[in-house]
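The values are calculated or read from the model by the stated rules, or taken from the named source; none is laboratory data. In this text, all values refer to a predicted model and were calculated from it rather than measured experimentally. Cβ: placed from backbone, ideal geometry, glycine included. Neighbour counts: every protein chain shown.
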Amino acid sequence: MRKRSHVSDEEAEVNMTPMLDIVFIMLIFFIVTATFIQESGLDVSRPDPNQEQEKNDSKVRPVLIQLTDDNKVFLDRREVDVRSVRANVEKRRAENPKTPVIIQAGRESEVGLLVSVMDQSQQAGAAISIAPLVGQPGR
Amino acid sequence: MKQRSKTQEEDVEINMTPMLDIVFIMLIFFIVTAVFVKEAGVEVNKPEAVMSQKVKQVSTLIAITEDDKIWINKNEVELRDVRAIVEQLRKENPKGKVVIQGDAESKSGIMVDIMDQLSQAGVTGVAISALEDN
């Protein structure tokens, strides 16, 4: 009688080893596939077509920055140095703090220049819209 | 002598329950945090920006190489296919953001075209990749 009870006790314990194997393999799979990508960048808010209409109606005159195909920067149709973009945008925004920035990038202008201009505009605190450049800047 | 040998054998068996608990918790953590990011598949020379900040919940990366080729999900793609591919990739994770990794020497025109295609695809969270410049 005693012997029988002992056997039944041992049978009650489930063998966990195969489950543990599977769980470990799943764990390793998820650790390996987990790609903790640390991607840093500048947020871009594309203008909403309806919002753009409102902007045109209001009296706020946006800062227009044009990037030419040969990587020159025109701010309000006047050629400026890349490094002075921030100061210029800040000056315009001191007059009206709601002034947004519109960047018109020429097709052949470099992304590095575009990012630099965006960076400086964001440092000045402006909302940015990006559009393609049509025609010639300046004049 | 026989009794002693039996005791030793029982001692050898380790109690696995606490380890199993920890392993399960780690497993659940990794399943929950896994957000299979679609990497572009090419390395680009990113521009630097002071205002650059960490983008959360990245789901898709689009790369523009120095010679103005577009890479998505480890494949080179044509500009006109970008919209369809992004729409398809975003089905799994519709809230994830799209990051455009433009090479500093690539052309802005392509980036503007891609951003146009993304807005047509209904993507609201778009960021331009840039290294943090301190």
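Out of region B:78-128, which residues are polar (S, T, N, Q), more than 17 Å from the chain's Cα centre (by Cα), more than 7 Å from chain A (Cβ to nearest Cβ) and surrounded by 17 or more Cβ atoms within 10 Å (Cβ to Cβ)?
Just the residues of region B:78-128 that are polar (S, T, N, Q), to begin with: B:88, B:93, B:101, B:106, B:108, B:117, B:119-120, B:124.
Add one more test, that the residue is more than 17 Å from the chain's Cα centre (by Cα), and what stays is B:106, B:108, B:117, B:119-120, B:124.
From the residues that got through so far, the ones that are more than 7 Å from chain A (Cβ to nearest Cβ) too are B:117, B:120, B:124.
Scanning region B:78-128 gives a single hit, B:117.
Here residue B:73 meets each of (1) buried (at least 21 other Cβ atoms within 10 Å of the Cβ); (2) at pLDDT below 90 with one exception, condition (1). The set of residues in region A:115-139 being over 16 Å from the mean Cα position of the chain (by Cα) and within 11 Å of chain B (Cβ to nearest Cβ) consists of A:124, A:131, A:132, A:133.
Take residue B:77 and decide whether it is touching a residue at least 12 places away in the same chain (Cβ under 8 Å) and in contact with a strand residue (DSSP E or B) (Cβ under 9 Å, 6 or more places away or on another chain). Taking the combined requirement at face value, the residue does not satisfy it. Pairs are defined by a Cβ separation below 9 Å, a sequence spacing of at least 6 or placement on different chains, a first member in region A:101-114 that is more than 7 Å from chain B (Cβ to nearest Cβ) and touching a residue at least 24 places away in the same chain (Cβ under 8 Å), and a second member that is aromatic (Phe, Trp, Tyr) and assigned to a strand (DSSP E or B); the pairs so defined are A:104/A:74. Do the conditions hold for residue B:55, that is, is it farther than 30 Å from residue A:21 by Cβ, buried (at least 17 other Cβ atoms within 10 Å of the Cβ), modelled with pLDDT of 85 or more and facing another protein chain (nearest Cβ under 7 Å)? Judged against the criteria, residue B:55 is not a match. For residue A:115, the criteria (1) in contact with a Gly (Cβ under 8 Å, 6 or more places away or on another chain); (2) farther than 19 Å from residue B:126 by Cβ hold in every case but one, which is (2).
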